[in-house]
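As structure tokens, the structure follows; a few thoughts come after it.
The values are calculated or read from the model by the stated rules, or taken from the named source; none is laboratory data. All figures in this text were calculated on a predicted structure; none of them were measured in a lab. Every residue, glycine as well, gets a Cβ built from its backbone with ideal geometry; the counts of neighbours run over all protein chains shown.
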Amino acid sequence: MGIKDLRVKGGRLRATIEELARIGGTAGGGMHRLTLTEEDRQARDRFVHWLRELGLEITIDEMGNIFGKRQGRNPQRAMVLSGSHLDTQPKGGRFDGILGVTGALEALRTIHENRIETERTIAIVNWTDEEGTRFAPAMLGSGVWAGHFDRDWAYSRADVSGIRFGEALEKIGYRGKAPARKWPVHAYYEYHIEQGPVLEKVGKRIGVPRGILGITWSDAYVEGEANQAGPTPMNARRDALVAAAEMIIRVNELPAEMGGDLVATVGEIQNSPNSRNIIPDRVRFTVDIRSWDDSFRNRATEAIKKEFIQISQKRGCPVKMETIWEISHTEFDSNLVGRVEKTASQLGHSNYSMVSGAGHDAAYVCRVAPTAMIFVPSIGGRSHVEVETTRWEDCEAGANVLLHCLLQSANE
Ligand SMILES: [Zn+2]
């Protein structure tokens, strides 16, 4: 059997995904495995066990990023890297991130059991805190590794209960000794579910993203005046929640008014004191704005700020809006993107050129190494929800594309 005929074992990939789905699985069939929690520790332990089974050289860095390396014939040459993340959203799905880690694992298992030697070392990675739900911003592990964020700043990020990233990492025993610092990477491939409806709509099996939309994350703080819900007349109120509600509606309306590929979302809100018979005096909510065009995204953020100020003046509720994170749009390496496309075609899979609306670790790795992604369809375009799913045969198809992309990059 030649190297071209090599295929992953779809059943084994499925079993691996199903095994991980039991760690932090929800009654609704989804996942609740926030970064650096006890569930995350268990999933990491499983992953490390699987890396050991393949005899890989394991490195855990000071951000908790886990690497498993399979030596090539020329280990001094830049290595080929692939992976994604094992952390999930609250009530997220079984595939987001996990498919990229298990797909790379399955590719390495296939290479290993067929005793295939490669010129370059191939490494697999599980990045820490891709989701950014517990510790914002997203992609902290890959962001520090790529030199975009400072390690100590990342350690100081706190969750809603005040626990810091550094403490949580220490507590689960995954604060490694290796510096979280980039090294030469010849090619990085991240395999992922699409998380949107495009592939299903066009009826193609493999998505070939050219890059990732730029993202701005802001936090808005609205201030009102608390008072008794009964005696306070309607015209004497400064209701922070009502002001926030009007702002949220405007965030939702703006993309239609500004046009282009703009999307804008309010996904998280805290209301204080959050009692049915008190007029709310403090509200915090998040704003997520995305576009391929960075200056357009910045204009949209400014437009939203202006609107918030107008609403705040009208309602007598001061507002403060802080941008806590932004990332410009990412363009992947055209050679690697071409390779994904060609490999998918050679394996007989229909494919489609697109952009990614979701952020990925690839966005930071792309800044320091040639990068490409491989997408497979999300049924109904649903993701970050418990019903998130992808057909097993598509999972297998994408893993085969990844396998052959890895082999080609590792042998050049
Ligand atoms: Zn993901």
For this session: Test each condition in (1) within 15 Å of the ligand (Cβ to nearest atom); (2) in contact (Cβ under 8 Å) with a residue 60 or more places away in the chain; (3) closer than 30 Å to residue 287 by Cβ for residue 104 and report the one that comes out false.
Result: (3)
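Does segment 281-300 hold any residues that are more than 24 Å from residue 209 (Cβ to Cβ) and either under 22 Å from the mean Cα position of the chain (by Cα) or assigned to a loop (DSSP other than H, G, I, E, B) (or both), and which are they?
Step one: filter segment 281-300 for residues more than 24 Å from residue 209 (Cβ to Cβ), giving 281-287, 299.
Answer for segment 281-300, where residues must be more than 24 Å from residue 209 (Cβ to Cβ) and either under 22 Å from the mean Cα position of the chain (by Cα) or assigned to a loop (DSSP other than H, G, I, E, B) (or both): 281, 285, 286, 287.
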For this session: Taking the options 168, 123, name whichever one is of a type outside the set (Lys, Arg) and in contact with a strand residue (DSSP E or B) (Cβ under 6 Å, 6 or more places away or on another chain).
Result: 123
Exercise. Quick one: residue 306 ticks every box in (1) surrounded by fewer than 17 Cβ atoms within 10 Å (Cβ to Cβ); (2) in contact with a helix residue (DSSP H, G or I) (Cβ under 6 Å, 6 or more places away or on another chain); (3) of a type in the set (Lys, Arg) bar one, so which box is it?
Worked result: (2)
Seminar exercise, completed: The number of residues in segment 357-412 that are within 16 Å of the chain's Cα centre (by Cα), outside any loop (DSSP other than H, G, I, E, B) and closer than 26 Å to residue 180 by Cα is 8
For this session: State whether the residues of segment 84-95 include one that is touching a strand residue (DSSP E or B) at 6+ places or on another chain (Cβ under 6 Å), away from the ligand (no atom under 16 Å from the Cβ) and among the aromatic types (Phe, Trp, Tyr).
Result: no
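I need a count of the residues in segment 157-202 that are in a strand (DSSP E or B) and of a type in the set (A, V, I, L, M, F, W, C). Talk me through it step by step, then tell me what you get.
As a first pass, look at segment 157-202 and keep what is in a strand (DSSP E or B): 158, 164, 178, 185-193.
Going one step further and asking which of them are of a type in the set (A, V, I, L, M, F, W, C), we end up with 158, 178, 185, 187, 193.
Number satisfying all stated conditions: 5.
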Problem set entry | Of the criteria (1) surrounded by fewer than 23 Cβ atoms within 10 Å (Cβ to Cβ); (2) under 22 Å from the mean Cα position of the chain (by Cα); (3) farther than 19 Å from residue 150 by Cβ, which one residue 183 fails | (3)
For this session: Could you check, for segment 183-205, whether at least one of its residues is away from the ligand (no atom under 16 Å from the Cβ) and of a type in the set (Asp, Glu)?
Result: yes
Exercise. Going by the structure shown, is residue 141 within 24 Å of the chain's Cα centre (by Cα), outside any loop (DSSP other than H, G, I, E, B), within 16 Å of the ligand (Cβ to nearest atom) and more than 23 Å from residue 401 (Cα to Cα)?
Worked result: yes
Problem set entry | Filter result for residue 95 (closer than 19 Å to residue 376 by Cβ and aromatic (Phe, Trp, Tyr)) | yes
Problem set entry | Residue count for segment 117-158, restricted to those that are at pLDDT below 95 and over 22 Å from residue 191 (Cα atoms) | 1
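Filter segment 267-295 for residues that are crowded, with 18+ Cβ neighbours inside 10 Å and either among the hydrophobic types (A, V, I, L, M, F, W, C) or within 24 Å of residue 133 (Cα to Cα) (or both) and give the result.
Step one: of segment 267-295, the residues crowded, with 18+ Cβ neighbours inside 10 Å are 279-283, 285, 287, 289-292.
279, 282, 283, 285, 287, 289, 290, 291, 292, listed by residue number.
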Exercise. Which residues, taken from segment 334-362, are away from the ligand (no atom under 16 Å from the Cβ) and of a type in the set (S, T, N, Q)?
Worked result: 334, 335, 343, 345, 346, 350, 351, 353
Exercise. For segment 239-280, how many residues meet the condition of being of a type in the set (Lys, Arg) and part of a helix (DSSP H, G or I)?
Worked result: 1
Seminar exercise, completed: All conditions in (1) over 18 Å from the mean Cα position of the chain (by Cα); (2) at pLDDT 95 or above; (3) within 21 Å of residue 179 (Cβ to Cβ) are true of residue 45 except (3)
Exercise. Which residues, taken from segment 7-25, are crowded, with 17+ Cβ neighbours inside 10 Å and either of a type in the set (A, V, I, L, M, F, W, C) or in contact with a Lys or Arg (Cβ under 6 Å, 6 or more places away or on another chain) (or both)?
Worked result: 8, 13, 17, 20, 21, 23, 24
